[in-house]
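Everything on this sheet refers to the single structure shown next.
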Amino acid sequence: VLLIAGDAAEALAWNERALERFAEDDRLAIHRGRCLLALERHEEAAAALTQVLDRVESDPTVEFEVLEQLGLVYVGMGRFDDAQGVLEASVDAAREIGPAMPACPYIALGELYRIKGDLQGQIDAQIKAADWEPHKASIQADAARLCHQVGASECALTYIDRAIALQPDPTFSELWERILECHKPGPYTNLRAHDTRHEILCGLELEKKKAK
């Protein structure tokens, strides 16, 4: 709760007091790594999480959490190749566990590709995140935005469809701003937040006819 509230230092202090009593508790150790990451104490975070990873034997959920956090730590350290390997291992762990796990490793990989300037890698990772968590509107909208950015309009429409179906009310401004980013420049330039999918498709078809 303290970490969520933004007080990483106090969260770390509480965590370390708990670890004095429960030194082998993997969840506490992972939480310590999160606190250190939030404080940008990357070397300590990497050491803490690696220690947990070394003793994890048969709990794929713990392995998933450690790998995902360690990948983020390596990103913070600028160790991008290490980060990619660890995050890909986290994705493998998530697949082993099943769809109950969140899409955060894919999203983290997308952010890593963005930092490296690999737009296609970022798009591929975001699409995998959207397909992994099809009920999260913001993830669908981000996939739509990136698809449109490279001119993949049909792909963008697929994820716009999903986002609108999940969150149809345009008063949710943050989500709609993401969706509307897909409308410029391109076939959606003059569309407003209340436009229907039919109008979007008509605009797309008109743009295709003009191109011919």
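The values are calculated or read from the model by the stated rules, or taken from the named source; none is laboratory data. Just so it is clear, the model here is predicted, and its values are computed rather than measured. Every residue, glycine among them, receives a Cβ derived from its backbone with ideal geometry; neighbour counts consider all protein chains shown. Accessible surface areas use protein heavy atoms only, side chains included; no ligands, DNA or RNA. Shrake-Rupley method; radii C 1.70, N 1.55, O 1.52, S 1.80 Å.
Taken over the stretch 23-35, the criterion of being at pLDDT below 80 and open to solvent by 70 Å² or more (accessible area, probe 1.4 Å) is satisfied by Glu24 alone. Filtered by the rule that a residue be over 16 Å from Leu70 (Cβ atoms) and modelled with pLDDT of 80 or more, the stretch 91-100 gives Arg95, Glu96, Ile97. Contact map, the stretch 104-129: first residue closer than 19 Å to Gly151 by Cβ, second residue outside any helix (DSSP H, G or I) and open to solvent by 40 Å² or more (accessible area, probe 1.4 Å), Cβ cut-off under 9 Å, separation 6 or more or different chains; pairs are Leu119/Val150; Gln120/Val150; Ile123/Val150. Kindly indicate which of Val86, Val75 is touching a Gly at 6+ places or on another chain (Cβ under 8 Å) and closer than 19 Å to Gln122 by Cα. It is Val86. Taking the stretch 25-53 as the range and being free of Cβ contacts under 8 Å to residues at least 24 places away in the same chain and not in a helix (DSSP H, G or I) as the test, the residues that pass are Asp25, Arg41. Listed by position, the helices (runs of 4 or more DSSP H) contained in the stretch 54-158 that have at least 3 residues being open to solvent by less than 40 Å² (accessible area, probe 1.4 Å) and closer than 22 Å to Arg34 by Cα are 60-77, 80-97, 104-116. Pairing each residue of the stretch 136-154 that is closer than 15 Å to Leu119 by Cβ with any residue that is hydrophobic (A, V, I, L, M, F, W, C) and surrounded by fewer than 20 Cβ atoms within 10 Å (Cβ to Cβ), provided the two are 6+ apart or on different chains, yields C-beta distances under 6 Å for Cys147/Cys155.
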